[in-house]
Every structure is written in structure tokens, then in C-alpha cells.
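Asks: Below is a structure I'd like to ask you about.
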């Protein structure tokens, strides 16, 4: 029996680790050919080999999606290899926390570039192909899943500019959903709570010790595979059903 995504193609940004890598594996298990997009080519190649050894199909695309030309080129490489695009998972993200007073504005620029501009560039490049796939067999529907955050629902001290980016992702998701949903391109946001990943490791040591480490030491947090399962659930719904928002939290997260 064919898997639910057999004959389709997915593109996952930030696929070199964490949620992105787990999502790519999960979609490949469901039968999709997967474009692995990220900056760390060695990790992408290792993931591709793993997927193909398990019987799946993957394409390594080393690209920095904060550069519009590279984002557009990443989508084009997937189209040239597989001939179509059915699913886009905008997962690439950066979380640099700390107070607004005395903040390093370069950290703000980096977060906005990855979390907002990279997502916009990739989505814009992918949309024509997703709209086309939604009119074709095997599923006659296409999907965009934007990886948001609990920080896009609730603002917290020390999370200010990260909150800005994730609230923006949620707003963009809903606006785009209204624009293309009647053309059977489903657009949804998946909002993880605390996940064990590299996301927090990019912060300065003093920020980690104040805002990140204590919580992770006291709470049974999510695994990347928990989020990958959520993405797979969203994109394998029947054509008539769309999941606009999915919130996955650690049971202990208040």
C-alpha cells in the first residue's frame, strides 16, 4: 500500500538539525521526496544518506535563505530535480534572547533575517509551484507549514524581538491562508513549546543560564520528533480538511 505522501515532493528549510532534520525523515517515511535546505552541507549530506539508506529520496541543497537569490535558487533546484513541489516546511529559525535595554542590534538583524525574511523569500518562490501541484494528482492539495512558537502566542520578558518575529510569522500565516485556501493550498502554523534542540545554544552563556538552562533542567521538554509528527499530521489530512494552527507543548509547560 502506498504511503500517504507517495508521489509528492517536500522542501524543508533548516534541515541540518533538530526539528528540520526530524521532519525531513518523517516526510520521507511517508513517501515524499524531500529537498533538504540548510547552510551546513556536511550535515545535510549525512541526513540524505540516512534517508536514502532507509529507502527514501532526498536532495541536498546548501543555501542561506536570508539571501533572496539563494532562497529562490533552493526552490528551483528542487523543481529541477523532482519536477514539482507539494509541501513547504518553513522551519529555519534563530532564537537570540535577552533584554531590549543594551541589546546588540546585530542579533535582532540576524533573527529577523532568518525568522521573517528567509521565510518570506522561500514562500514567495515556492507558491507558484504549490498552486500548480494543488491542481494535480496524486493529492490535488498542497501545504505550507510554518514553524512558529509559543513565543508567537505569548510575549515574555527577555524574548522581545524573538516574540516580534514569531508573532509576525503567525500573522503572515493567517493572511496567506485566507489568500490561497480556496485554491487548495493549505497554510498552517505549528507552535512548539520547549523543544530539545540547538535553538537555545546560540545564546550568550549568561542568557542561557538565566532564561534557558533552568527551565530545561526542571521540565520534561519535547523532542524534535514530536514536532515532526505534528507536521506530518497536518500535511497528511484529506483534501477537504485543513489544520490552520497546531500547538504542541510539554505537558509540564505552564
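None of the figures in this text is laboratory data; all of them are computed from the coordinates on show. No experiment lies behind these values; they were computed from the predicted model shown. Because the Cβ atoms are built from the backbone with ideal geometry, glycine has one as well, and the counts that use them run over all protein chains shown.
Asks: For the chain, what is the mean residue ellipticity at 222 nm derived from helices alone (per DSSP H run of n ≥ 4: -39500 (n - 2.57); sum divided by total residues; nearest 500 deg cm²/dmol)?
Replies: That calculation yields -12500 deg cm²/dmol at 222 nm.
Asks: On a 0 to 90° scale, report how tilted helix 224-235 is relative to the longest principal axis of the chain, with both axes built from alpha carbons and the result rounded to the nearest 10.
Replies: Computed tilt is about 40 degrees.
Asks: Using the alpha-carbon atoms, what tilt in degrees (0 to 90, nearest 10) does helix 18-29 show relative to the longest principal axis of the chain?
Replies: 20
Asks: Take the alpha carbon atoms of segment 1-61, find their center, do the same for segment 204-218, and report the distance between the two centers in whole angstrom.
Replies: Computed from Cα coordinates, the inter-centre distance equals 31 Å.
Asks: Right, another one. Considering the convex hull of the alpha carbon atoms of the chain, report its projected area averaged over all viewing directions, in nm², one decimal.
Replies: So the Cα hull casts an average projection of 13.2 nm².
Asks: Follow-up. For segment 33-134, what are the per-bin percents of Cα-Cα distances with bins 10 Å wide, up to the bin holding the maximum?
Replies: Final binned percentages: 15, 40, 29, 12, 3, 0.
Asks: Give the angle, between 0 and 90 degrees and rounded to the nearest 10, that separates the Cα long axis of helix 119-133 from the longest principal axis of the Cα atoms of the chain.
Replies: The two axes meet at around 20 degrees.
Asks: Arranged from highest to lowest average of other beta-carbon atoms within 10 Å per residue, in what order do the peptides 216-227, 123-134 appear?
Replies: Top of the packing list down: 123-134, 216-227.
Asks: Quick one: which of 197-207, 92-102 comes out on top by average Cβ neighbours within 10 Å, and what's the full order, highest first?
Replies: The peptides rank, most packed first, as 92-102, 197-207.
Asks: Listed highest first by mean packing, meaning other Cβ atoms within 10 Å per residue, what order do 26-39, 46-59 come in?
Replies: Highest to lowest by the protection proxy: 26-39, 46-59.
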